[in-house]
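Bear in mind these aren't lab numbers, they're just calculated from the coordinates by the rules spelled out. Bear in mind that the values here come from a model prediction, so they are computed numbers and not experimental data. Positions of Cβ are backbone-derived with ideal geometry, glycine not excepted, and every protein chain shown enters the neighbour counts.
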Amino acid sequence: MRPGIGRCERWGMINRMPTSPCAFPWPTTLTTDRLVLRPIEESDVPATARLWTDPEVRRYLGGPVDEETVRLRERHCVGARGAFCVVSRGDGAVVGGVLLEPDRRRDDRIEVSYQLLPEQWGFGYGREAVAAVVAWAHGATTPVGSEVVAVTQQANVRSRRLLEVIGMRQADSFVEWGAAQVLYSADGVARPGGAPD
C-alpha cells in the first residue's frame with residue numbers, strides 16, 4: 001500500500017463515500033466557545049492541504065501524501081459531505097479538520113477522524129472540536145444514536161488521550177495498515193459549550 005493511502009485516504013475520498021444506512025444532515029455548521037466547525041471553503045484549501053503534507057500531522061497516518069493525491073483532494077474537498085473545517089472564532093484562522101463518515105468496517109457505525117495543524121496543538125482545540133462533532137453525530141445520525149467510533153494508532157498517545165478525555169472508551173484493538181490500532185466508541189459524549197447553528 002502506498003504511503004497516505006488507505007484509512008487515511010478518507011480526507012481525500014470526499015466524493016467516494018460508501019452507501020450506508022447511517023446518514024446525517026449536510027451541510028451543517030457547529031459552534032463551540034472558541035471554534036466554528038463548517039464545511040470546507042475554497043479559502044481553506046491551502047491550510048487543509050497542509051494537513052495532508054505536514055510530516056508531524058501525518059506521523060501516525062502513513063506519512064505525507066504524494067502530490068498527485070493532494071491535487072485530487074484539493075479539487076474535491078470544498079463542501080465535501082462530513083468534512084468540517086475547524087476555524088478559530090477569534091481570528092478565523094484554520095485550526096484543522098474533523099471528518100465524519102460511515103465506518104467502512106461496519107455499516108451501522110459512524111467514524112470520526114481529525115487532524116490539527118501543529119501550531120494549534122496543545123490548546124485543547126482538538127478536544128473541543130471532536131467532542132462537538134461526536135455529540136452532534138449522536139443526535140443527527142439516522143438511525144438516531146448510531147454508534148460513533150474513532151480509530152487511532154496504539155502508539156499515538158496524544159490522540160488516545162484526547163478520545164478518552166471526551167468520554168470515548170476503548171472498544172477494540174487490531175492491526176491495520178501494518179500498525180497496531182485502537183478503536184474507541186462514544187456513548188453519549190457531552191459537547192462542551194457548543195450547539196448547531
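Things to note:
- Pair residue 161, residue 175: separation of 7 Å Cα→Cβ label points (nm): 2.8 nm
- In Hz, Karplus ³J(HN,Hα) per residue of segment 94-100 (6.51, -1.76, 1.60; θ = phi - 60°; x = Gly, Pro): 5, 9, x, x, 10, 10, 10
- Contour minus Cα-Cα distance for residue 89 and residue 42 (0.36 nm per residue): 15.1 nm
- For segment 32-87, the square roots of the Cα gyration tensor eigenvalues, ordered a ≥ b ≥ c, give a/c of at least 1.5 with a/b no greater than b/c, which places it in the oblate category.
- Cut-off under 5 Å, modelled amide H: who pairs with residue 147 long-range: 110
- Distance between modelled label sites at residue 76 and residue 187, nm, 7 Å Cα→Cβ extension: 3.6 nm
- Residues residue 31 and residue 66, FRET efficiency given R0 of 35 Å [Cβ-Cβ distance, rounded to 0.05]: 0.50
- In nm, spacing of pseudo-spin labels at residue 56 and residue 108 (7 Å Cα→C-beta vector): 4.2 nm
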